[in-house]
1. Would you check the accessible area of residue 151, probe 1.4 Å, heavy atoms only, in square angstrom rounded to 10?
2. What FRET efficiency would be calculated for the residue pair residue 251, residue 430, taking the C-beta separation as r and a Förster radius of 41 Å, to the nearest 0.05?
3. Within region 75-116, find all residues whose amide N lies under 11 Å from a label point positioned 7 Å from the Cα of residue 132 along Cα-to-beta-carbon.
4. Sort 169, 289 by accessible area with a 1.4 Å probe, largest first.
5. Could you give the length gained on full extension between residue 216 and residue 196, defined as 0.36 nm per residue of separation minus the Cα-Cα distance, in nm?
6. How much space per residue, in cubic angstrom, does the convex hull of the C-alpha atoms of region 65-107 take up?
7. Take region 161-209, drop everything but the C-alpha atoms, weight them equally and run the Debye formula without solvent; then report log10 I(q)/I(0) at 0.14, 0.33 Å⁻¹ to two decimals.
8. Residue 317 to residue 353: extension gain in nm, 0.36 nm per residue of separation minus the Cα-Cα distance?
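The values are calculated or read from the model by the stated rules, or taken from the named source; none is laboratory data. As the structure is a computational prediction, the values presented were derived from the model and not from experiment. Virtual Cβ from ideal backbone geometry, glycine too; neighbours counted across all protein chains shown. Heads up: the accessible areas ignore ligands, DNA and RNA and are worked out on the full protein's heavy atoms, side chains in. Shrake-Rupley method; radii C 1.70, N 1.55, O 1.52, S 1.80 Å.
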Amino acid sequence: MSTGVSTSTDKIIVDKSRSLRNKAVTRTVRATRERLQTATGISPGFEREMMQLHIDSVAQGALAVPMVVVLIAAGGIYLTQEVGLVAWAVLALSMHAIGMLVARRARKHGITGENVRRWHRRFLISQVLMGFAWAAFALQNCGPCTGVTFDFYKGSALLVALAVTAMSTLMLRHAILYAFTPTVAALAGSALVSPVPATLAMATIISAALVFLVFMTHRLRHTSAQLLSSQSEKDDLIAELEVAKSMSDEARRRAEEANLAKSRFLASMSHELRTPLNAILGFSEVMSTEVLGPLNNPVYKEYTSDIHHSGQHLLNLINEILDLSRIEAGKYDLSEDSVHLVDIAEDCIGMVQLRARAKNITISEQVESGMPAVWADEKALRQVILNLLSNAVKFTPQGGEVVVKAGWTAGGGQYVSIRDNGPGIPEEEIPVVLSAFGQGSIAIKSAEQGTGLGLPIVQAILAKHNGEFILKSKLREGTEAIAILPAKRVLQSLPAVSETRAVSPRRKSFA
């Protein structure tokens, strides 16, 4: 089989699809190169998508941080009566407003692959400013407070703020670290200046919580990047499938047009070739039989016989091509009736007997008696058995033998088997001879040339009958062709219905 690329018009579209095979490899290489060129291990395209998600998250949760700030300030004023927490609340809300302005400007101007790093730095700066506000809260003192109540309040508030910040800045890389590093630094400095156990404990807890949330946000962000990658691959796959579908539709349309052109050509050939062939066959037969007078030159008589045989061969070829075309187009209708498979086989044997005797070939029959009729197309079955018998006689050498068997199958169907002792067919060539215009190499060398359409027609006709065709062959031992009809086509005879005596109607009695 040739592996070259076809340049015909009907295959140009199909050949273009070969460029899609390496798209997955190209996309993977490009993504790997971009990932290696970035410090984060995530491609710039996904960085932009995550930045867009962060902007959407900021817009949707715009009231979350102000509510937390107001609640913390209100609770602190209630516990400590310190009015200075109001100034801290104003500072925190101002820093939050700066972050909101940055997000609004980013949405207005748009995030692209070129400015994604610049907007990332701006968002981190806004988080650092908010972190200074939380650091200012961590440094708040309460003069009249006693015990660890105020420290417990500050630690709880900072943990809540840390959790809210982690959730709202999940898609912004290193946001939680930049936002609460000033707070941890302020708590650590306060603990060093005045090593109070409550301050040390609060600094330790906040630091541990920050480390844990940094790790978790990194994992969640990596998972989000993988989800975006999967979504992108799915979108690419859908696009490729749409392209492949459009190419397939176009190729199918061209195939339908080519099939229509073939059908028109065959219809034209049926009319244009058969008409002159009939004249050629008729006149050549008249001349070869010398109906209108003798031919003085014997060479002319030989020529007329050659013309007649060649015309007959061409007519048979046209008929077989038309039969195969009708079968492939689904226009081959069966005219089914009750027929006996054995009778058809015997008639076909009589039709090829003359050719077999010319080659001194013996045709023997082994049929089972009393086989019922089958529901099938008699003309089609006759064509099947004639094709198989003609092949057997044609490929069997001088003095050979052809055995015709007919009987029951194991499943209750009927079969006809035709076996010869000809040259056989190599096992790897059996699919070739079953294809249209296919012929075995040894058979071509040892017998007359044929069209290569007999076995495909046999296979197609049996398929129309829901049957099966089996071809068995061994090199230099012979070939066996088996035509099988299913059990549902066998007409089992039913016994006659015995006459029964009519039952007299029962009289009704009234009380």
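1. 40 Å²
2. After rounding, the FRET efficiency stands at 0.85.
3. Flagged as within label range: 95.
4. 289, 169
5. In short, 4.2 nm is gained.
6. Cα convex hull per residue, to the nearest whole number: 39 Å³.
7. -0.38, -1.18
8. Contour length minus the Cα-Cα distance gives 10.7 nm.
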